[in-house]
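Some notes on the structure that comes next.
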Amino acid sequence: MFGLARFLIIGFVILTLIYTGVSLWSRSVRKAKLKKEWEEEVRQGDKEEFVEEGLEDYSHSFRRKLILLVYIVPALLVLLIIYLVNIN
């Protein structure tokens, strides 16, 4: 029982680190794209305000929510493996 608890805790910590890394990376990519878009197309108003508004829209986007699959997919794979091993 303690082995399972330890596995779940360590797995959750590792997945949280992965989620944080992917989330920060995705946000930085979006920020770079917004800066490039402003420099190439918009060039009106404040650049930082444009980027902040774009990041606010990104925070509520579906793509941002897809990053939660970092938690869901590994958990489903572990459950599938447990099921397949014990199917006898």
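One residue stands out in the stretch 32-76 among those that are modelled with pLDDT of 90 or more and not in a helix (DSSP H, G or I): the one that is least open to solvent (accessible area, probe 1.4 Å), namely Ile67.
Got a sec? Which of Ile87, Ile82 is open to solvent by 70 Å² or more (accessible area, probe 1.4 Å), β-branched (Val, Ile, Thr) and within 19 Å of Leu15 (Cβ to Cβ)? Of Ile87, Ile82, the one residue that is open to solvent by 70 Å² or more (accessible area, probe 1.4 Å), β-branched (Val, Ile, Thr) and within 19 Å of Leu15 (Cβ to Cβ) is Ile82. Among residues of the stretch 16-39 that are closer than 14 Å to Glu52 by Cβ, those with a beta-carbon under 9 Å from a residue that is β-branched (Val, Ile, Thr) and surrounded by 14 or more Cβ atoms within 10 Å (Cβ to Cβ) at least six positions away or on a different chain give the pairs Lys31/Val51; Leu34/Val51; Lys35/Val51; Trp38/Val51.
Of all residues in the stretch 46-57, those that are within 20 Å of Trp25 (Cα to Cα) have Cβ atoms under 9 Å from Cβ atoms of residues that are open to solvent by 100 Å² or more (accessible area, probe 1.4 Å), 6 or more apart or on another chain, in Phe50/Gln44; Gly54/Lys33.
The values are calculated or read from the model by the stated rules, or taken from the named source; none is laboratory data. As the structure is a computational prediction, the values presented were derived from the model and not from experiment. Cβ: placed from backbone, ideal geometry, glycine included. Neighbour counts: every protein chain shown. Surface accessibility is based on the protein's heavy atoms, side chains included, excluding ligands, DNA and RNA. Shrake-Rupley method; radii C 1.70, N 1.55, O 1.52, S 1.80 Å.
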